[in-house]
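Have a look at the structure below before the remarks.
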Amino acid sequence: MDLCHVPATREKGWYLALMAPNVKGPNYAWLDPSRLYCHPQGLQDCVADLLQPFQGDPIDMVAGIDAMGFILGAAAATTLRKGFLAIRKAGHLCVQTLEQPYSDYSGREKVMEVRTDTISPGLRILLVDQWVETGGTMRAAIQLVERLGGVVAGVAAICIEDSEGGRWIQERYKCSHCVPPHLQPRFNRHQLGWE
């Protein structure tokens, strides 16, 4: 899809066709959504779709997960007129932090961190990431927020796959994603819906 083209009818998820499949092998995610961020209307519609279920919900801050969650998280925070908190891979913050180990989508063991001076007890935080595949990364972010006394107001991602971790998150938290129901089974099998 051309980065300047805007379809006459824009149904939820129309911008998913802007994403590109992995051509570099198993150490990378199966799909790269970053191209849709280059499309002005695609990015706006994606953020609007992610935030729609949270309209009227009390949200105090948006947190994005390192690194691609920073893009959607910052866009969501700007749209909501809220502050943005970066949840980082360990070793990047020069201030007091809280750390949480986790396994990412590839099974690699990692550590995530968040600064300790931004989340106060009861602060309602919308967690945003680009994708929830196995749920390990998002679950670590949830644990960091809750360990600091914050409340997870919701979880938003372009796709939340129907994995054990994805289901765990969806059963416990209000969630939003952009994949229409008829495409979800294909995304769960890592198949594009527009091939």
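The values are calculated or read from the model by the stated rules, or taken from the named source; none is laboratory data. Quick caveat: nothing in here was measured; it's all calculated off a predicted structure. All Cβ positions, even for glycine, are placed from backbone atoms using ideal geometry, and neighbour counts span all protein chains on display. We work out accessible area using only protein heavy atoms, side chains counted, and drop any ligands, DNA or RNA first. Shrake-Rupley method; radii C 1.70, N 1.55, O 1.52, S 1.80 Å.
So in segment 73-86, with the set limited to residues that are in contact (Cβ under 8 Å) with a residue 12 or more places away in the chain and out of contact with any Gly (no Cβ under 7 Å at 6 or more places or on another chain), which one is nearest to residue 137 (Cα to Cα)? Here the answer is 85.
Restricting attention to segment 98-130, report how many residues are in a strand (DSSP E or B) and open to solvent by 40 Å² or more (accessible area, probe 1.4 Å).
First pass over segment 98-130, keeping only residues in a strand (DSSP E or B): 98-103, 109-115, 124-130.
Subset that is open to solvent by 40 Å² or more (accessible area, probe 1.4 Å): 99, 101, 103, 109-111, 115, 124.
Qualifying residue count, segment 98-130: 8.
Sub-7 Å Cβ pairs linking a first residue in segment 179-194 that is farther than 15 Å from residue 167 by Cα to a second residue that is open to solvent by 80 Å² or more (accessible area, probe 1.4 Å) and modelled with pLDDT of 90 or more, at least 6 apart or interchain, are 180/12, ordered by first then second residue. Residues that are surrounded by fewer than 18 Cβ atoms within 10 Å (Cβ to Cβ), touching a Gly at 6+ places or on another chain (Cβ under 9 Å), under 21 Å from residue 188 (Cβ atoms) and touching a residue at least 60 places away in the same chain (Cβ under 8 Å) are absent from segment 150-173 altogether.
Candidates in segment 146-195 are the residues that are within 12 Å of the chain's Cα centre (by Cα) and assigned to a loop (DSSP other than H, G, I, E, B); of these, the one that is nearest to residue 35 (Cα to Cα) is 178. Please go through segment 132-149 and give me each residue that is within 20 Å of residue 31 (Cα to Cα) and open to solvent by less than 40 Å² (accessible area, probe 1.4 Å), ordered by number. Selection gives 132, 133, 135, 136, 137, 138. Exactly one residue among 44, 52 is open to solvent by 20 Å² or more (accessible area, probe 1.4 Å), touching a strand residue (DSSP E or B) at 6+ places or on another chain (Cβ under 8 Å), among the polar types (S, T, N, Q) and at pLDDT 95 or above, and that residue is 52.
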